[in-house]
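Bear in mind these aren't lab numbers, they're just calculated from the coordinates by the rules spelled out. All figures in this text were calculated on a predicted structure; none of them were measured in a lab. Glycine also receives a Cβ, built like all others from the backbone with ideal geometry; neighbour counts cover every protein chain displayed.
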Amino acid sequence: MDSPLSKPAVFRFAPSPNGLLHLGHAYSAMLNHNLAMAAGGRFLLRIEDIDTVRCRPEYEEAIYRDLHWLGIEWGRPVRRQSEHFPFYQRALDELIARSLAYPAFLSRAEVRDRVAAFEAVGGTWPRDPDDAPCYPTEERDLDRGLAGGWIAEGRQHAWRLDMDKALEAANEKLAGRSLDWSETGMGPDGETGLVSAQPEHWGDVILSRPDAPSSYHLSVTLDDAAQGVTHVVRGRDLFHATSVHRLLQVLLDLPQPQYRHHGLVLSADGRKLSKSNQDTGILAYREKGLSPADLRALFARDGLVLD
């Protein structure tokens, strides 16, 4: 695989148009743009609109307005995930053909009830780094004919990565090399430098579901490769997800970017910002008469650098 340092630098900002951008988005966009300009590279904008239910055109237009106000320009054309569903499907089909993915039929409610019953009698159900219960694993060995019949009947299902088989396949490809990534930022526990990927902590991650043809993990990994992204700069809340992305990169023979996970802009009570909190939106600050320079001062006050 090529080193990201051997190619012209390409950075990206990839918001989802399911709400108005907040200060955390402004910081990430400005940081990526500044780093791209300093490296003499390119800054790309990607619209991550896989979720066709929650994503709306008016929010996409608001993203463009907010970035223009911040003084940020981006390379054209803008990549919109909703225009690339067949691209994601081809990668999913490859994983299915290699028996690395399986159909999963349990609903969220069924998983929730199973976890609750297990923990009610003193059991400890495994949870992923986001503290969500890992998916049960018995469907990994479900008879293919039976599963195919259910799918043909129209039974709702998702596709999940068989983590054990995926790790085995990745180890064969790595041929003794470790699954890791180069981190120039810092993880939640101070991780930096060469970081060991631990995708097994996520369990059998979802690759697609009925209401979204591709998961975040699959689509973002494929998009970064398709756009030639060499430097992924994003919030520290996505640090652990990088383990899954590195696994998929190895399985699908995709290049490995360099990663930098930055600190988060927090609310006054110390919580991560949410698009549902309109008072932290970029638009709200603009309407209050603040300038992009004022936002930079806010970031500096919180110890967040823009270079």
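Between Arg76 and Ala120, the FRET efficiency estimated from the beta carbon spacing at R0 = 51 angstrom works out to 0.40.
Once both labels are positioned 7 Å from their Cα atoms along Cα-to-Cβ, the gap between Asp237 and Asp164 label points is 3.4 nm.
Stretch Thr184-Arg90 to full length: gain in nm at 0.36 nm per residue minus the Cα-Cα span?
30.6 nm
Electrostatic bookkeeping for Arg65 treats Lys and Arg as +1 and Asp and Glu as -1; over the other residues with beta carbon under 15 Å from its beta carbon, the sum is -4. Computed from Cα positions, the angle between helix 85-97 and the longest principal axis of the chain comes to roughly 40 degrees.
Under 1.5 on a/c is rounded, so check that first for the range 84-256, then, if it is not, pick prolate when a/b is larger than b/c and oblate when it is not; a ≥ b ≥ c are the square roots of the alpha carbon gyration tensor eigenvalues. Each step should come with its number before you reach the end.
On the way: a/c = 1.81, a/b = 1.28, b/c = 1.42.
It comes out oblate by the Cα gyration axes.
By the count of other C-beta atoms within 10 Å, a proxy for reagent exposure, Ser178, Ser291 are ordered fewest to most as Ser178, Ser291. In straight-distance terms, cross-link reach from Lys173 covers every one of the aspartates and glutamates whose alpha-carbon lies under 13 Å from its own, apart from those fewer than eight places away in the same chain; here that gives Asp253.
Between Leu100, Pro136, Gly154, the Cα set farthest toward the positive side of the dipole of the range 84-256 (charges on each charged residue's Cβ, about the Cα centre) is that of Gly154.
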